[in-house]
Amino acid sequence: MPAVTASMVKELREKTGAGMLDCKKALEKSEGNMEKAIEILREQGLSSAAKKAGRIAAEGVVESYIHAGGRIGVLVEVNCETDFVAKTEDFRLFVRDIAMHIAATRPEYLKREDIPQDVVDHEAEIFRQQTLNEGKPEHIVDKIVAGKVDKYLRELCLIDQAFVKDPSVTISELVNQMIAKIGENISIRRFVRYEMGEGLEKKQDDFVAEVMAQVKK
């Protein structure tokens with residue numbers, strides 16, 4: 001039987017929203033077969049995210065988060081399937097958490113597909129030159145650059161970021177967990193973040209650190 005790796009467990013968790021231990025057990029039972037593992041979780045009632053992901057989410061809310069003193073502001077639209085769910089406390093608190101996360105982490109894009117290719121190529125070239133300047137062997141340069149680009153893109157994209165309140169899960173995993181909990185498809189559609197004085201030359205206060213401290217309370 002092939003070994004069940006941490007990356008396999010993580011992938012299954014992202015696809016289903018099930019717990020880490022349940023994902024590990026399902027992969028072991030399926031001998032590492034991802035599709036069979038998903039079916040096992042479905043049979044156990046532990047996976048609902050995967051089968052709901054294709055359903056239309058046209059309801060939802062636009063939530064705002066304003067950091068103390070009005071120095072950072074965020075608007076985020078999160079969609080669900082029904083107006084009933086949109087009005088529940090669980091959903092509202094979830095959207096609020098997403099807005100606070102955005103305030104704290106400054107994502108520039110929602111998902112990787114939104115990043116212009118020229119931005120990716122530009123950063124890859126910078127990482128390549130850095131790696132070559134460090135004297136790394138030519139035959140491993142591409143692998144090193146790919147790893148650095150992947151890390152950079154994860155930091156830029158909201159759904160790939162580690163959740164500030166619980167860094168053990170990504171925003172994507174958090175969405176899947178919420179889907180499993182409420183029984184409806186959920187999608188983060190768009191967001192905008194403003195920071196007072198952004199782009200102006202002035203003394204920089206560490207607003208982000210303040211937000212991070214607040215959301216982790």
### Task
Please give, to one decimal in nm, the separation of the simple spin-label points placed at Ala209 and Lys165, each 7 Å out from Cα toward the Cβ.
2.4
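Roughly how many debye, to the nearest 20, is the charge dipole of the range 48-190 about its Cα centre, given +1 on each Lys and Arg Cβ, -1 on each Asp and Glu Cβ, and no other charges?
Values: 20 positive and 24 negative charges, 65 e Å.
Value, rounded to 20: 320 debye.
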### Query
Most mobile of Val119, Val78, Val95 per a Gaussian network model of the chain (Cα springs, under 10 Å)?
Val119
### Query
So for His139, His122, fewest C-beta neighbours within 10 Å to most, what's the order?
His139, His122
### Message
Over the chain, with a Gaussian network built from C-alpha contacts below 10 Å, which listed residue (Glu195, Glu155, Glu134) shows the highest mean-square fluctuation?
### Response
Glu134
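Go through Lys15/Lys143; Lys15/Lys111; Lys25/Lys148; Lys10/Lys36; Lys111/Lys151 and tell me which ones have a Cα-Cα distance over 20 Å in this structure. Don't skip to the answer; put the middle values down first.
On the way: Lys15/Lys143 26 Å; Lys15/Lys111 16 Å; Lys25/Lys148 32 Å; Lys10/Lys36 16 Å; Lys111/Lys151 14 Å.
Violating the 20 Å Cα-Cα cut-off are Lys15/Lys143; Lys25/Lys148.
Just for the chain, what percent of DSSP beta bridges are antiparallel, to the closest 5? Write down the numbers at each step before the final one.
Numbers: 18 of 19 bridges.
Roughly 95 percent of the DSSP beta bridges within the chain come out antiparallel.
Which GluC sites (Glu not before Pro) from the range 1-40 combine a DSSP loop assignment with at most 13 other Cβ atoms within 10 Å?
On the way: sites: Glu11, Glu14, Glu28, Glu31, Glu35, Glu39; in loops: Glu31.
Filter output for the range 1-40: Glu31.
Here, each number is a calculation from the coordinates, and none is a lab measurement. All values reported here derive from a predicted model rather than from experimental measurement. Here Cβ is always computed from backbone atoms with ideal geometry, including for glycine, and neighbour counts include all displayed protein chains.
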